[in-house]
Each structure stands twice: as structure tokens, then as C-alpha cells.
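Peer 1: Sharing a structure below in C-alpha cells format, with a few things to ask.
The values are calculated or read from the model by the stated rules, or taken from the named source; none is laboratory data. Computed from a predicted model, the values in this text were never measured in an experiment. Here the Cβ positions follow ideal geometry from the backbone for every residue, glycine too, while neighbour counts run over all protein chains shown. These area figures cover heavy atoms from the full protein model, side chains too; ligands, DNA and RNA do not enter into them. Shrake-Rupley method; radii C 1.70, N 1.55, O 1.52, S 1.80 Å.
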Amino acid sequence: GSIAAHDLYLKGLFEESRFSRGANRQAVQYYERALAVDPNYALPYARISNIIQLNSRDGPADEIQRDLKKAVALAEKAAALDPLDPGIQWSLGRAVARLRTPAALRQGIQSLERAIQLDPDFADAYAYLGVLYISDGRAEDGLRSVETAMKMNPRYPFWYLFMRGQTRFMLKDYAAALTDFEAAEERNPTANVGRLWLAVTHVQLGQLDDAEWQLDELKSMGFKSNIETIIGTQPIQHPAYLDIYKKALRKAGFPD
């Protein structure tokens with residue numbers, strides 16, 4: 001009900017779309033200012049949840065779990081305020097799935113499928129379902145879901161390519177995955193998780209020098225996570241896919 005709060009929310013969205021830690025900090029400040037104007041405005045809670053769970057990749061395991069639980073709580077608060085907003089269901093699904101339990105994965109998938117029920121043209125929900133279907137051992141379904149998103153939104157953001165690359169990686173189509181990850185990195189070179197997947201894909205293609213270069217680039221960007229943290233802060237749970245991923249991370253030079 002507040003134009004001022006909505007204006008601050010839109011400024012936060014602009015900053016968040018840059019996918020850097022500095023921009024995310026600025027986005028959170030805008031969202032918090034929006035909530036100071038209107039504490040019942042649901043969307044800023046959901047966006048802060050997104051940023052917290054994205055930023056939770058670094059740090060000790062106990063801090064990561066604390067941050068992920070906070071992200072879920074904020075998304076649940078947003079959903080309680082506005083249960084019919086598909087974007088909020090999308091945020092809730094993303095946050096919950098990262099808790100990495102079978103029940104959380106099911107809830108995450110249900111939230112994203114609920115988002116599509118609320119808005120059948122919600123391309124972002126189809127795109128993120130791709131990685132949750134991977135988590136559930138269904139990479140082929142994940143690929144179809146991401147490609148559905150790309151058809152719905154032909155001017156898709158970089159992370160659609162990133163999601164499709166993950167599905168292709170798990171289907172062992174490494175050349176196609178590399179094409180996706182390179183295109184995603186070209187669009188947004190500040191998103192360090194893209195370089196992580198570039199490293200493991202180069203490994204699978206036998207391009208060890210390229211994998212080492214990507215790891216060096218990550219380190220120069222302040223990336224300090226080890227394999228345990230990387231695995232613990234993404235939703236992939238399917239044992240066969242996890243085994244492929246862990247082995248590639250280790251071969252790329254990421255520390256245990």
C-alpha cells in the first residue's frame with residue numbers, strides 16, 4: 001500500500017540483479033528501508049531471504065546452517081503475509097531446498113510447483129525447478145524444465161544458462177554444459193559460482209589447466225570455500241550426482 005516502500009523495493013531489485021556481494025549489501029539496505037516504511041510488505045522479506053541463502057556459501061558450517069534457517073524464516077514470513085504471490089513461493093522453495101533433507105527437498109519442489117500453479121507463465125520457477133529436479137535424481141526432467149523457461153522468456157537472465165549447464169553436466173553432456181557455463185560467465189563474470197562449475201566441467205573434459213585457471217580466478221575473487229562447504233550449501237542430494245560432482249571438485253583442486 002506504500003508507493004515509497006515499493007520504490008525502495010525496486011531499487012533493491014536493481015542492485016540484486018548485479019549478483020555481487022557489494023550490490024547484495026546495497027539491495028538488503030533498500031529492502032530493509034522498504035520494510036521500515038511498510039512492515040507488512042511481503043516481497044522485501046522474500047528478497048532478503050534470497051540474498052541470505054546465496055551468501056551462505058562461505059563460512060563455518062554452523063554459521064551456514066544458521067543463515068539458511070534465517071532465510072527460510074524470512075521466506076515463510078513473506079508467504080504468510082502474501083500466500084498467493086508466485087515470486088514468494090519461488091523464494092521459499094529455493095531457501096527450503098538448501099536445508100538438504102529429503103523433506104526439505106520435497107517442500108522446495110512443492111513450493112516452486114505451487115508458484116507455477118499461481119502463474120503458469122512464471123519462467124523463473126521452471127528454471128529453478130531444473131536444479132531441484134537434479135537434486136531429486138531427475139536431470140532429464142530438469143533439462144526440460146529449464147528449456148521450458150527459456151522458451152517462455154527468450155530474453156532470459158544469465159542464471160538460466162547456469163541451471164541448464166548443471167542439468168547437462170549431470171547428464172554427462174560436458175561439452176554442452178561448458179557452452180552454457182561460458183555463456184553465463186560472459187554475461188555475468190562477477191558470479192563466482194559460475195566459475196566453480198566451469199572448473200569442474202573443464203576437469204570432466206580433461207582440460208586441467210583451464211580448471212586450475214578458473215580456481216585461481218575464484219581465489220582472486222575472495223572465494224575460500226572447501227568441498228564440504230560447497231556441497232553443504234547447494235541443494236543437490238542425489239547420491240550418483242553428488243559422487244560425480246565431488247570427484248570433479250577434488251580433481252579441480254578444491255580442498256576437502
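Peer 1: Per residue, how much accessible area does the stretch 36-106 have with a 1.4 Å probe, in Å²? Please list the in-between numbers first.
Peer 2: Working: 2960 Å² over 71 residues.
Heavy-atom SASA per residue in the stretch 36-106 reads 42 Å².
Peer 1: Apply the Karplus parameterisation 6.51 cos²θ - 1.76 cosθ + 1.60, with θ equal to phi minus 60°, to every residue of the stretch 212-218 and state each ³J(HN,Hα) to the nearest whole Hz, in sequence, with x for glycine and proline.
Peer 2: Per residue, the Karplus-derived 3J(HN,Hα) values read 4, 5, 5, 5, 4, 5, 4 Hz.
Peer 1: With θ taken as phi - 60° and the coefficients 6.51, -1.76 and 1.60, list the Karplus ³J(HN,Hα) couplings across the stretch 174-183 in order, rounded to whole Hz; mark glycine and proline as x.
Peer 2: Each residue of the stretch 174-183 in turn: 5, 5, 5, 4, 4, 4, 5, 5, 5, 5 Hz.
Peer 1: Determine the alpha carbon to alpha carbon distance for each of LYS219/LYS247; LYS172/LYS251; LYS151/LYS247; LYS77/LYS151 and list only those over 22 Å. Walk me through the numbers on the way to the answer.
Peer 2: Values: LYS219/LYS247 20 Å; LYS172/LYS251 16 Å; LYS151/LYS247 33 Å; LYS77/LYS151 32 Å.
Result: LYS151/LYS247; LYS77/LYS151 exceed 22 Å.
Peer 1: Now for a separate question. Write down the radius of gyration of the stretch 175-256 and its Dmax, each obtained from C-alpha positions, in Å.
Peer 2: Calculated on Cα positions, Rg and Dmax stand at 11.9, 31 Å.
Peer 1: Among GLY1, LEU84, TYR30, whose Cα sits farthest toward the positive end of the charge dipole of the stretch 1-159 (+1 at Cβ of Lys/Arg, -1 at Cβ of Asp/Glu, about the Cα centre)?
Peer 2: Selected residue: TYR30.
Peer 1: Send over the Kirkwood Rh of the stretch 119-256, from the inverse of the averaged 1/r over different Cα pairs, rounded to one decimal Å. Could the numbers behind the result be given before it?
Peer 2: Values: mean 1/r = 0.0672 Å⁻¹.
Computed over Cα pairs of the stretch 119-256, the Kirkwood hydrodynamic radius comes out at 14.9 Å.
Peer 1: Sticking with this structure for a sec: Would you give the gap between the C-alpha center of the stretch 191-225 and the C-alpha center of the stretch 59-108, rounded to a whole Å?
Peer 2: If you average the Cα positions of each part, the centres end up 28 Å apart.
Peer 1: With all protein chains present, how much of the accessible area of the chain (probe radius 1.4 Å) comes from carbon and sulfur, to the nearest whole percent? Don't jump to the answer; show the numbers that get you there.
Peer 2: Numbers: 5900 of 11690 Å².
Whole-percent figure for carbon plus sulfur exposure: 50.
Peer 1: Go through (1) 17.6, 56; (2) 46.2, 162; (3) 18.4, 59 and flag the label whose value is the computed Rg and Dmax of the Cα atoms in Å for this structure.
Peer 2: Given (1) 17.6, 56; (2) 46.2, 162; (3) 18.4, 59, the calculated one carries the label (1).
Peer 1: Let me ask something additional. So how strong a dipole does the chain carry about its Cα centre when Lys and Arg Cβ are +1 and Asp and Glu Cβ are -1, to the nearest 20 debye?
Peer 2: Details: 31 positive and 33 negative charges, 70 e Å.
Taking the Cα centre of the chain as origin, the dipole is about 340 debye.
Peer 1: Could you work out [θ]222 nm for the chain from helices alone, using -39500 (n - 2.57) per DSSP H run of at least four and dividing by all its residues? Round to the nearest 500 deg cm²/dmol. Write down the numbers at each step before the final one.
Peer 2: Numbers: 14 runs with 195 residues, N = 256.
Per the formula, -24500 deg cm²/dmol.
Peer 1: If you bin the C-alpha pair distances of the stretch 18-117 every 5 Å from 0, what whole percents do you get?
Peer 2: Once binned at 5 Å, the Cα pair distances of the stretch 18-117 give 3, 15, 22, 24, 20, 12, 4, 0.
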